[in-house]
Amino acid sequence: MTGPDEKGTLMRPDTSRLVGEALTLGYDRRTVAEDLTVAVPDGSFTVIIGPNACGKSTLLRALARLLRPTRGTVLLDGADIHRRPARQVARTLGLLPQSAVAPDGLTVGELVSRGRYPHQGLLRQWSREDERVVDQAMADTGVAELADRPVDELSGGQRQRVWIAMALAQQTPLLLLDEPTTYLDIAHQVEVLDLCARLHEEQGRTLVAVLHDLHQAARYATHLVAMRDGRVVAAGDPRQIVTTELVEEVFGLPCRIIEDPETGTPLVLPAVRRSGTEGEPAPAVAGRC
Amino acid sequence: MIVLRLPGGLSLRLRPRALVVGLAGTLLALVLAVLAVGAGDYPIAPADVLRVLAGGGSPADRFIVTELRLPRLVTALAVGAALGLAGAVFQSLTRNPLGSPDVLGVTSGAATGALVVVVAGGGSAALAGAAAGGGLATGLLLYALAGRHGVGGHRLVLVGIGVTAILTGVNGWLLTRAPLMDAARAALWITGSLDGRGWANAVPVLAALAVLLPAVLLARAPALRLLEMGDDSAAGLGVSVRRVRVAALGAAVLLVSVAAAAAGPVSFLALTAPHLARRLTRAPGPNLLPSAVVGAALLLAADQLAQHAIAGRQLPVGVVTGVLGGGYLAWLLAGERGGRR
């Protein structure tokens with residue numbers, strides 16, 4: 001499943017530091033996914049897509065050690081992620097969760113420096129290395145000039161870049177992002193995704209993101225994981241796996257696929273549904289895809 | 001933010017404002033304490049008080065200071081610090097400025113324990129023990145009902161309000177069951193009072209503080225700060241969310257219970273002290289040490305008011321903290337609503 005990728009130069013396509021093996025995932029007694037196996041190719045920008053409630057965020061939570069699988073194991077560097085100390089995992093795997101809250105009055109600089117927590121100790125609270133890494137993380141995300149501003153005064157796009165800076169300050173080779181573009185307008189969505197692509201290409205980090213927008217996923221991902229009803233329908237290079245059949249199967253959406261004139265990646269165009277009889281899709285259109 | 005770098009790779013980070021608030025608060029509490037020891041029907045000059053504390057002074061002064069006034073004062077400082085610290089931990093864990101042990105029912109639980117002893121006709125030691133036990137049991141109950149899925153957000157606060165309502169009802173019923181004399185004593189205890197407190201009351205609180213202050217403050221403060229950003233963020237940064245929460249909640253419940261055993265459920269202090277501390281330090285995060293210092297100074301000041309505000313008549317300190325703390329909180333919330341951006 002781990003298809004080779006033309007973009008990555010630092011990539012060893014056949015290795016995966018982060019693997020989910022035969023995962024059964026759920027909350028309380030509700031099972032969301034069963035027997036799910038996913039590998040995140042090293043050096044990839046992996047994007048997980050799928051319709052609402054398909055289990056994509058649940059999978060990301062399991063990979064991030066937030067959710068303990070009912071069955072199966074998540075392996076980080078070959079070891080069960082739940083058997084490793086939280087702090088040690090946090091030096092390898094960073095996370096941008098959906099539900100992050102910045103406490104009142106916290107400044108950008110303070111928030112980003114919290115990313116150093118896994119590297120700090122009781123008597124090593126703020127080394128020169130901490131300072132250097134935090135400054136670098138803010139420079140990389142373009143928030144250095146905001147350092148003294150309170151986070152709650154920033155715009156949505158700025159705020160998301162600050163949270164990414166915090167995750168960068170963690171200095172982890174792997175970075176997991178749960179719907180990083182939700183609630184952002186289109187310009188800020190592109191800004192955040194461009195930033196992710198840059199982190200992937202220039203710093204050689206392995207990124208895993210859950211996204212909603214199929215077009216953006218196909219454009220930015222080097223490795224796409226398409227899910228439906230708690231199982232992986234297809235995984236691989238988006239140029240190879242994004243087909244009308246796949247979109248139909250995953251989203252139940254009749255469509256046409258053309259080449260994105262900007263990037264050459266697949267661009268999904270939903271088919272026009274003529275509003276003939278209400279609620280009934282026109283068969284002629286469905287047949288066209 | 002000041003950074004201290006020492007040889008051997010050690011480094012410490014300090015907020016100057018928080019440091020100033022902590023030191024000024026401590027100084028204020030000590031000055032207040034010296035003045036308070038001197039105040040009363042038999043006034044003693046501050047210089048004489050200091051002489052006694054240094055080990056000298058006249059026998060009469062010595063007796064009054066070390067046997068009569070100092071124990072009550074030390075109890076006030078220790079209980080105030082314990083409640084301030086516990087309140088800061090609770091508010092941080094619940095991410096809710098109202099998430100204090102009074103609102104969550106821990107103090108009501110302590111009162112229930114004490115009332116059971118009053119009805120059964122037990123002595124002071126049994127009453128203190130039962131109060132501590134009641135607080136701890138309520139803490140466990142809260143955790144069992146709301147803690148499993150994470151105490152963040154509103155869940156713990158809502159469950160706590162429910163528990164408080166039930167316990168208030170139980171406490172009222174217990175009061176009606178008590179013999180008249182005991183009911184009067186119980187009513188006084190429930191208000192929270194430092195009247196007649198001696199070393200036997202102060203020592204358990206001091207011991208709890210000596211153990212839990214470093215354990216909570218030094219070991220858990222950074223993790224508590226991260227928990228305020230949400231469980232997922234904290235976990236992503238390498239915080240063992242459940243372990244930190246159980247440890248911090250356990251320590252806070254223990255502090256409240258021991259404090260309630262010593263002075264009764266002094267109201268509003270655990271709610272007010274962290275608010276005031278945060279306003280003074282202007283620092284995000286739980287502000288643990290400043291809250292403890294502010295709590296100690298507040299309770300001492302409130303107890304002096306309770307003793308001397310109305311000539312010839314002592315009030316229970318809980319009346320003063322209730323009136324002042326409640327008033328302050330109402331003023332704070334009203335102002336905040338108007339002043340919010």
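The table below lists the values:
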quantity	calculated
Net length gained if the chain between A:ALA53 and A:THR31 were fully extended (0.36 nm per residue, minus Cα distance)	6.8 nm
Using a Förster distance of 60 Å, the FRET efficiency for B:ARG62-A:ARG231 (Cβ separation, nearest 0.05)	0.15
Residue of B:ALA301, B:ALA178, B:ALA29 that the Gaussian network model of chain B assigns the largest fluctuation, springs spanning Cα pairs under 10 Å	B:ALA178
Cα pair distances of chain B binned at 10 Å [whole percent]	6, 25, 33, 24, 10, 2, 0
37 °C / 0.692 mPa s Stokes-Einstein diffusion coefficient of the stretch A:184-234, Kirkwood radius on C-alpha pairs, µm²/s	273
√(5λ) per eigenvalue of the Cα gyration tensor, chain A, largest first, Å	34, 23, 18
Convex hull of Cα atoms in the stretch A:86-144, direction-averaged projection (nm²)	4.9
Potential extension, A:SER99-A:LEU75 segment - 0.36 nm per residue separation minus Cα distance	6.2 nm
Rh by Kirkwood over Cα pairs, then Stokes-Einstein D for the stretch B:1-154 at 1.002 mPa s and 20 °C, µm²/s	110
About the Cα centre, charge dipole magnitude for chain B (Lys/Arg +1, Asp/Glu -1 at Cβ), debye	1080
Paramagnetic reach from B:ALA165 in the stretch B:89-127 [backbone N under 15 Å; point 7 Å along Cα→Cβ]	B:103-105
Dipole-positive endmost among B:LEU298, B:LEU276, B:ALA262 within the stretch B:187-341 (Cβ charges, Cα centre)	B:LEU276
Top of B:LEU127, B:LEU217, B:LEU77 by mean-square fluctuation, Gaussian network on chain B, Cα under 10 Å	B:LEU217
Principal axis box of the stretch B:124-234, alpha-carbon based, largest edge first, Å	54, 33, 18
Cα-based Rg / Dmax (Å) for the stretch B:200-341	17.2, 59
GNM result for chain A, Cα springs below 10 Å: residue of A:ARG114, A:ARG68, A:ARG132 fluctuating most strongly	A:ARG132
Spacing of the two label points (7 Å from each Cα toward its C-beta) at B:LEU27 and A:ARG132, in nm	4.0
Computed lengthening from B:LEU218 to B:VAL246, 0.36 nm per intervening residue step minus Cα-Cα distance	8.5 nm
Value of [θ]222 nm, deg cm²/dmol, for the protein assembly as shown, DSSP H segments ≥ 4, -39500 (n - 2.57) each, nearest 500	-17000 deg cm²/dmol
Dipole of the stretch B:155-263, positive direction: furthest Cα of B:ALA187, B:LEU156, B:ALA223, with charges on the beta-carbon	B:ALA223
Cα-based convex hull, the stretch B:54-127, per residue volume (Å³, whole number)	121
Pair-distance profile P(r), taking every C-alpha pair of the protein assembly as shown, with 20 angstrom steps and integer %	18, 41, 27, 12, 2, 0
FRET efficiency estimate (nearest 0.05) - Cβ-Cβ, A:ILE258 to B:LEU12, R0 41 angstrom	0.10
Peptide A:96-108 - average C-beta neighbours from other chains (10 Å radius)	5
Stokes-Einstein diffusion coefficient of the stretch A:1-154, Kirkwood radius over Cα pairs, 4 °C, 1.567 mPa s, in µm²/s	72
Signed unit charges on C-beta, dipole axis of the stretch B:21-104, positive-most listed residue B:LEU27, B:THR75, B:TYR42	B:LEU27
Tail fraction, Cα-Cα pairs, the stretch A:205-260, threshold 18 Å, whole percent	26
Length-normalised contact order for chain B - Cα pairs under 8 Å, 6+ apart - percent	28
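Read-outs throughout are calculated quantities, based only on the coordinates presented, and are distinct from any laboratory measurement. Not measured: the values here are computed from a predicted model. For neighbour counting, all protein chains shown are included, and Cβ atoms are generated from backbone atoms with ideal geometry for every residue, glycine included.
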